[in-house]
1. Of all residues in segment 351-388 being of a type in the set (S, T, N, Q) and free of Cβ contacts under 8 Å to residues at least 12 places away in the same chain, which is nearest to Pro16 (Cα to Cα)?
2. Among the strands (runs of 3 or more DSSP E) confined wholly to segment 346-423, which include 1 or more residues that are under 10 Å from Leu329 (Cβ atoms)?
3. Collect the residues in segment 27-72 that are of a type in the set (A, V, I, L, M, F, W, C), farther than 18 Å from Glu131 by Cβ, in a loop (DSSP other than H, G, I, E, B) and modelled with pLDDT of 90 or more, keeping them in residue-number order.
4. Go through (1) part of a loop (DSSP other than H, G, I, E, B); (2) more than 23 Å from Leu144 (Cα to Cα); (3) under 29 Å from the mean Cα position of the chain (by Cα) one by one and return the number of the condition Glu249 breaks.
5. With the condition kept exactly as written, say whether any residue in segment 214-232 is closer than 28 Å to Ser53 by Cβ, surrounded by fewer than 14 Cβ atoms within 10 Å (Cβ to Cβ) and of a type outside the set (A, V, I, L, M).
6. State all residues of segment 348-374 that are surrounded by fewer than 18 Cβ atoms within 10 Å (Cβ to Cβ), small (Gly, Ala, Ser) and under 27 Å from Glu416 (Cβ atoms); if no residue qualifies, say none.
7. In segment 182-201, how many residues are surrounded by fewer than 18 Cβ atoms within 10 Å (Cβ to Cβ) and touching a residue at least 24 places away in the same chain (Cβ under 8 Å)?
8. Can Ser201 be described as part of a loop (DSSP other than H, G, I, E, B) and not assigned by TED's automatic domain parsing to the domain that holds Ile62?
Amino acid sequence: MSKTIQSIRGMHDVLPDESYQWQAFEQIVRELMAMYGYREIRMPAVESTDLFSRSIGEVTDIVEKEMYTFEDRNGDMLTLRPEGTAGCVRAGIQHGILHNQVQRLWYMGPMFRHERPQKGRYRQFHQLGVETFGIADPDIDAELIVMSARLWKLLQLEDIRLELNTLGSNEARAKYRTVLVDYLNANRDRLDEDSLRRLDSNPLRILDSKNPEMKSLINDAPSLMGNLDTESTEHFEQLRLYLDDVGIEYTINPRLVRGLDYYCKTVFEWVTDRLGAQGTVCAGGRYDGLVEQLGGKATPASGFALGIERLLALREAANIEVPADHPDLYLLLQGASSTHKGLVLAEKLRNENPGLSILSNCGGGSFKSQMKKADKSGAAIALILGENEIADETVTVKFLREQKEQQTISQNGLSEFLKNYQV
């Protein structure tokens, strides 16, 4: 006998008993985005490999180690998207919706990285991404942070704290890079293998090293804050004023640099201690140079992304109850003509009661077995349609979650009964 095929390691099924939690999250997100005037964009899951090499940076863990890249039948190199920002920018340039325009966009969907699977980190994972274009001032940075803070409230999540930093302008960061490289070269014998590899290509990423043996070296490194230009300093101070005024608490983390090459000025992360090592639940910042880097006209941009699996894990750890996805009614059918009559009745009820969820029994079965299915479905009411009910043009109503006597209702009066009952 052949071996059964399993899902790929790090890529998980979301079963019906779990999917309602995803749906509840997605509904909250859609309402939140509408509240702030953001519009949805949907990009393909497969893009040209060059898009990510040019945007993320060739000397990054994502491009070097984690991307799912393959050659298609035309000889083109394609990649399953490891993140959403680059694809969003590509779409904006391609369709001409960025230059000299203000756009507030969001998207949700699967991303792919070949990482070691662990709690909160999977090879196929899902992100919510929010991107803004055409606004250079720090007020949009503040809006993104305030919006994400509101999301935590809507999700009833606590113990998520904000860490904030600035990377300065591209010019300021270039000057700081020289100072940092000089310091690191002077301490070259203390650098680990990853840091030596990044020293020439992306030295700021060394500040984000998780190697405990590097901690003292990183703590003693020169600070980017001391190398900011006037514009970057003013941008950061104005952002802090906005957050102070609206009551958002934060901690300045001068070692927060983000893992992607295209960030500048504002960077932020929302972190928690409730997910073990994978403590970042949301990260973002400003990336003013990315649109031009990908072939568009220079356009200021900022945004954030968050991992949906991590947020759902946080809700589960906090024992936050999400109403299960149950039908309102279960229709039991007994007798030779009940299948046909039941289909007609169920469609009539759906037409007259938009939004009503009716699970109609299919495949026959005894009354006892159908009642078991009705109870298991979680429905509040069972509607029984047998030979007697068909002859009398009635339906028997049995209450499954309340101690009430069952009732017999005329089929014509059933919709009115259900509206008054508020199923």
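1. Only one residue fits best here, namely Ser369.
2. Fully inside segment 346-423 and qualifying: 358-360, 381-385, 394-399.
3. Scanning segment 27-72 gives a single hit, Met67.
4. (2)
5. No - not one qualifying residue is present in segment 214-232.
6. Gly355, Ser357
7. Total satisfying the criteria: 5.
8. yes
The values are calculated or read from the model by the stated rules, or taken from the named source; none is laboratory data. Quantities reported herein were computed from a predicted structural model and do not represent experimental measurements. Every residue, glycine among them, receives a Cβ derived from its backbone with ideal geometry; neighbour counts consider all protein chains shown.
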